[in-house]
Number of protein chains: 2
Amino acid sequence: MELLEKRIVKDGKVVDRDILKVDSFLNHQIDVELLSLLAEEFYNLYKESNINKVLTIEASGIAVAAFTAKLFGVPLVFAKKSKSANISENVYSADVHSFTHGNTNKVIVSKEFLNSCDKVLVIDDFLANGQALIGLKEIVDKAGAEFIGAGIVVEKGFQPGGKMLRDNGMRIESLAIVKSMDPENGIVFEH
Amino acid sequence: MELLEKRIVKDGKVVDRDILKVDSFLNHQIDVELLSLLAEEFYNLYKESNINKVLTIEASGIAVAAFTAKLFGVPLVFAKKSKSANISENVYSADVHSFTHGNTNKVIVSKEFLNSCDKVLVIDDFLANGQALIGLKEIVDKAGAEFIGAGIVVEKGFQPGGKMLRDNGMRIESLAIVKSMDPENGIVFEH
């Protein structure tokens, strides 16, 4: 998506070959006009798929997921990071490892809000190693729901998540895929 | 707001005299249609105030804050819960005590995204003891920005936060104020 790529080039900060900061418009300060347009893209990509629920993970995916759910006219569910090691039997849970923070979080979704009738579109702001998506897919599977696909704002194409998930047959639509980046030469996108 | 009160009565669960669960439409599964209407209420309440930024705190306030920011045509900033005790000098921080979880979190906002030109509307899903709002107000003050007011979805009027903040001169607009509740007799709202 050209508009997004231009914005990433303009306002993103390439800290090093791995770290891209987009916190001025995507995941700390949020440009809600831009996010509405991203949501329209997700809607156009998945409008034939008859989804009835949008699923994301707290916190930075919630805003774009909310605009997306609004366009589809379906509820949004966000998976919560659980603080406690004891998981109640009323929730579906999965472990999500964060390479950025070097830790593993349990994420949970109440069994009330996901079931075998659901056709789920997963929305998230970033895809790098794919751990969050694997966790959310696991939760969708445990609920007996159908994983229709994922909509990602920024994919780091040089990290293994996207390829691995697509090789597993999952539909992953990323609005911008960073092929490579470094602080001196900037960002190259995949098309 | 009658629509919201009816929804709370219909789908909220009064666990005891203190705990109201509204996670089927507000803070786990999210009814985005309802939240859009709540955002319109916040817009109508504050449209004369010339705000230029919406501020919330992760995670469950983000969706309603995003719809609100969209109506105002201004950016949304969400304060992050910091995992580390070491706070960088690039952020404004405040301590927020949670009575529910019995702990204190540091919340932070990058100095890049809040400054003395900002007129800030704070949006959150719940107001009980007021600790989150006090923390966000502290961050707004540290940035030299102007705190215009707060928009709250559900206020527990029987807890001290709302009164304390209003007594301090803060404008607090709550769309539903629960006066009292218990599992047998249900919920009484303040009007």
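Rounding to the nearest 20 debye, state how big the charge dipole of the protein assembly as shown is about its Cα centre with +1 on each Lys and Arg Cβ and -1 on each Asp and Glu Cβ.
Using only the charged Cβ atoms, the result is roughly 400 debye.
Share of region B:120-170's accessible area from carbon and sulfur, percent, 1.4 Å?
Carbon-and-sulfur percentage of accessible area, whole number: 48.
Just the accessible area per residue of region B:46-191, please: how many Å² with a 1.4 Å probe?
For region B:46-191, the solvent-accessible area averages 43 Å² per residue.
Mind putting a number on the dipole of region B:18-62 about its Cα centre? Charges go on the C-beta only, +1 for Lys and Arg and -1 for Asp and Glu, and I need it in Debye to the nearest 20.
Dipole about the Cα centre, nearest 20: 160 debye.
Where does chain B land at 222 nm, in deg cm²/dmol rounded to the nearest 500, when only DSSP H runs of n ≥ 4 count, each adding -39500 (n - 2.57), divided by all residues?
It comes out at -8500 deg cm²/dmol, rounded to the nearest 500.
Using a 1.4 Å probe on the heavy atoms of the protein chains only, list every residue of region A:30-53 that has 50 Å² or more less accessible area in the complete assembly than in its chain alone.
A:ILE30, A:VAL32
Using a 1.4 Å probe on protein heavy atoms only, how many Å² of accessible area do B and A hide from each other, summed over both chains and rounded to 100?
Roughly 2800 Å².
Specify which residue in the list A:VAL109, A:VAL120, A:LEU76 is farthest towards the positive end of the charge dipole of chain A, using unit charges on the beta carbon of Lys, Arg (+1) and Asp, Glu (-1), about the Cα centre.
It is A:VAL109, whose Cα lies furthest towards the positive end.
About its Cα centre, what dipole magnitude does region A:1-110 give when the only charges are +1 on Lys and Arg Cβ and -1 on Asp and Glu Cβ, stated in debye to the nearest 20?
Using Cβ point charges on Lys, Arg, Asp and Glu, region A:1-110 gives about 260 debye.
With angles folded into 0 to 90 degrees, how steeply does helix A:2-11 sit against the dominant principal axis of chain A? Use alpha carbons for both and round to 10.
70
Set the bar at 18 Å for Cα to Cα. Now go through A:LYS179/B:LYS80; A:LYS80/B:LYS80; B:LYS21/B:LYS53; A:LYS81/B:LYS83; A:LYS10/A:LYS70 and name every pair that lies beyond it.
A:LYS179/B:LYS80; B:LYS21/B:LYS53; A:LYS10/A:LYS70
Along the charge dipole of chain A, Cβ charges K/R +1 and D/E -1, which of A:ILE51, A:ILE187, A:SER36 sits furthest on the positive end?
Of the listed residues, the answer is A:ILE51.
Hey, can you list the residues from region B:73-111 whose accessible area shrinks by 40 Å² or more with all protein chains present, relative to the chain by itself (probe 1.4 Å, no ligands or nucleic acids)?
Buried by the other chains: B:LEU76, B:PHE78, B:LYS80.
How about region B:65-131: which chymotrypsin sites (Phe, Trp or Tyr not before Pro) there are in a DSSP loop, with at most 13 other Cβ atoms within 10 Å of their Cβ?
In loop regions of region B:65-131 (DSSP not H, G, I, E or B), the sparsely surrounded chymotrypsin sites (Phe, Trp or Tyr not before Pro) are B:PHE99.
Roll a 1.4 angstrom probe over the protein heavy atoms and tell me the percent of accessible area of region B:45-112 that is carbon or sulfur.
44
How high is the relative contact order of chain A? Use alpha-carbon pairs under 8 Å, at least six apart in sequence, and give a whole percent.
20
Kindly give Rg over Rh for region A:1-115, based on alpha-carbon atoms, with the Kirkwood expression for the hydrodynamic radius.
Checking Rg against Rh, the ratio lands at 1.01.
Can you give the longest run of chain A that contains no trypsin sites (Lys or Arg not before Pro) sitting in a DSSP loop with at most 12 other Cβ atoms inside 10 Å?
A:84-191
Name the residues of region A:55-72 whose accessible area falls by at least 20 Å² when all protein chains are present instead of the chain alone, probe 1.4 Å?
A:ALA59, A:ILE62, A:ALA63, A:ALA66, A:PHE67, A:LYS70
Past 29 Å, Cα to Cα: identify those pairs from B:LYS6/B:LYS47; A:LYS137/B:LYS106; A:LYS106/A:LYS163, in the order given.
Beyond 29 Å between Cα atoms: A:LYS137/B:LYS106.
The values are calculated or read from the model by the stated rules, or taken from the named source; none is laboratory data. Please read all numbers here as calculations on a predicted model, not as lab measurements. Glycine gets a Cβ as well: all are built from the backbone with ideal geometry, and neighbour counts include every protein chain shown. These area figures cover heavy atoms from the full protein model, side chains too; ligands, DNA and RNA do not enter into them. Shrake-Rupley method; radii C 1.70, N 1.55, O 1.52, S 1.80 Å.
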